[in-house]
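Have a look at the structure below, then the notes.
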Amino acid sequence: MRTKIIKLSLFLALAFIIDSTITYLTPYKIRGSYEFVSSIGILSFLYVVNALKLRYQYWYALAVGFYYSIIYANSQFIYVWLFMIDVFLIHSYIKTRKISFNESLVNSVGLIVIHQTIPFIAYSLANMTNLSVTQFIFLRFLPTLIGNMIFGVIIYFVVDQLEIFEVEQTFY
Amino acid sequence: MFFEVVSLKNNTFKTVVIGAIIISLTVLTLGSLSGRTRSYFESIFHDTVASIEYYVVKKPISMVTDAISEVNAIRSVYNENRLLQEKLNSYASVEANTDVLSNELNELKKQLNIENLPSEYQVKAFSLVTRSFDKWDDEVTINGGENNGLTKNMVVVNNKGMIGVITSTTPITSNVMLLTSGNYLNDIPVMFTVEDGTTCFGLIEGYDDENEALIVNVLTNVAVIQPDIKVYTSGLGGEGKAPKGIFVGTSVKLHDYGDNTKKYLLVKIAADMNDLEYISVVQQA
């Protein structure tokens, strides 16, 4: 199991690096224009956590949340909670350990909604963002959701080909 | 070993551990939302991973993309070179004029016993290490820190003008609060000269999202400010802060707060805030 966790973690780290590199290479975001936040890492987390044994999942989300918060989110620890909520969402919707295409779509939408809206609400309350609700929805949330749905489909088919995502036991 | 903890059979111990984690996490989350800065451990961890990512992944990829764009750029070099040769004819007289003015300036400085003028500064070039997803318009991290002599409040520029101010430093990196964030540690003093020759002073107080322009509180009593007037830092912020003469942007429109007691000028930022790969930190001479 330890080898499997290491392999899955490397896969997830690679996904986060791809996100970070996409952001780094596409710096042409203008304030007041459309903004896309690549979320391959967050979408991959769905499959990674599903491939783990149930008792590890929340602990794994905790570790990933801290890693993501410190490295990619300027130590905003709200993301730790979000990864925990992701696990809860995955549990509440996915009823079999083999994720179907429809389940992956619904969960991907859920993950993007959680990772975009909750930080926006928190940052708005803490007066840490200049975006209005309308600007957020039309300029950031919708482009991010639509763009990541395309990534979500690609990830589904990539994960389907990889051995490390095969589930060893049934828990549901 | 971390994952072995979860398999503990002792429920009381497990409850205590989970409770402690939830409380710590809540404190950390609330702290980060109320402006808490990174701890030493977080900085080390972040800098290490970000540097590895930068030098192992991002830098090689950007080298390849840069090489491709350089090949494309070479195609236009011939035409540019021809234009430059035309301009070169007038360069000799400009150079001579500059030499004369520099000598006069040095003479005047000697006579007045002035070591450095507020407008004298030097720049050090750095690269961007990270630009956070969620604070794209607010802050960036650069690959220079205390070891490079960088300190809080130093001005950061790119090739077109000012982009922001350093807000915190670690030994090898610095956080730069961008002008577009509107959240500055201190108001930034600026100056500009209107058409009738009056030099006006002001303070950058924030950023207007709607008009995509800086909000400059105008301190000098002036009735009209024409558009496209160049706005520079005034160097009046004190030692270690913005020196005089850093180009900030151009004026857009003068507004008042309705009661004529306070006026503010909207200033379009000169720097391209979307292209911040190579930036420089300004250090007063």
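Structure notes:
- The packing ranking of peptides A:104-113, A:64-73, highest mean first, is A:64-73, A:104-113, where packing means the average number of other beta carbon atoms within 10 angstrom of each residue.
- Expressed as a fraction of 2.2 N^0.38 Å, the value expected for a compact globular protein of N residues, the C-alpha radius of gyration of region B:98-243 is 1.19.
- Whole-angstrom gap from region A:31-69 to region A:82-141, using each part's C-alpha centre: 11 Å
- Cβ-derived FRET efficiency at R0 35 Å, A:Ser92 paired with B:Lys262, nearest 0.05: 0.05
- Here B:Ser69 and B:Glu120 are evaluated by their C-beta separation; at R0 = 25 Å the FRET efficiency comes out at 0.10.
- Helix runs (DSSP H) in chain B reaching 24 Å along axis by Cα, Kyte-Doolittle at least 0.0: B:11-33
- Packing-based order for B:150-162, A:33-45, using average beta carbon neighbours within 10 Å, highest first: A:33-45, B:150-162
- Chain B, Cα convex hull volume normalised per residue, Å³: 211 Å³
- Mean partner shielding of peptide A:75-88, defined as the number of other chain Cβ atoms within 10 Å of each residue Cβ, is 4.
- In this calculation the C-beta distance from B:Asn159 to B:Thr198 is compared with R0 = 41 Å, giving a FRET efficiency of 0.85.
- Based on DSSP H segments of at least four residues, each scored -39500 (n - 2.57), chain A has a per-residue ellipticity at 222 nm of -23000 deg cm²/dmol.
- Taking only the Cα atoms of chain A, the radius of gyration and Dmax are 15.9, 48 Å.
- A full extension of the chain between B:Ser93 and B:Asn147 corresponds to an added length of 15.3 nm, given 0.36 nm per residue minus the alpha carbon distance.
- Working ranking of peptides A:144-152, B:26-34, B:95-103 by packing, defined as the average number of other Cβ atoms within 10 Å per residue, highest first, is A:144-152, B:26-34, B:95-103.
- Look at the stretch B:49-62: the mean tally of other chain Cβ atoms within 10 Å of its residues' Cβ atoms is 3.
- Scattering profile of region B:10-115 at q = 0.11, 0.16 Å⁻¹ [log10 I(q)/I(0), Debye over alpha-carbon scatterers]: -0.84, -0.92
- Inter-chain Cβ neighbour average for residues A:17-25, partner chain, 10 Å: 5
- In this simple spin-label approximation, B:Val100 and A:Leu142 carry label points 7 Å from Cα along the Cα→Cβ vector, and these lie 6.2 nm apart.
- Placed amide H near B:Gly164: partners under 5 Å, 5+ positions off or other chain: B:Val156, B:Leu179
- P(r) weight above 22 Å for region A:40-139, C-alpha pairs, percent: 33 percent
- Debye log10 I(q)/I(0) for the protein assembly as shown, one point scatterer per Cα, at q = 0.13 Å⁻¹: -1.26
- Taking Cα atoms only, the orientation of helix A:78-93 departs from the longest principal axis of chain A by about 50 degrees.
- Neighbour-count ranking [beta-carbon atoms within 10 angstrom, fewest first] of B:Lys262, B:Lys244: B:Lys262, B:Lys244
Values quoted throughout were computed directly from the atomic coordinates according to the rules given, and no laboratory measurement underlies them. Here the structure is a predicted model, which means the values were calculated and not measured. Cβ: placed from backbone, ideal geometry, glycine included. Neighbour counts: every protein chain shown.
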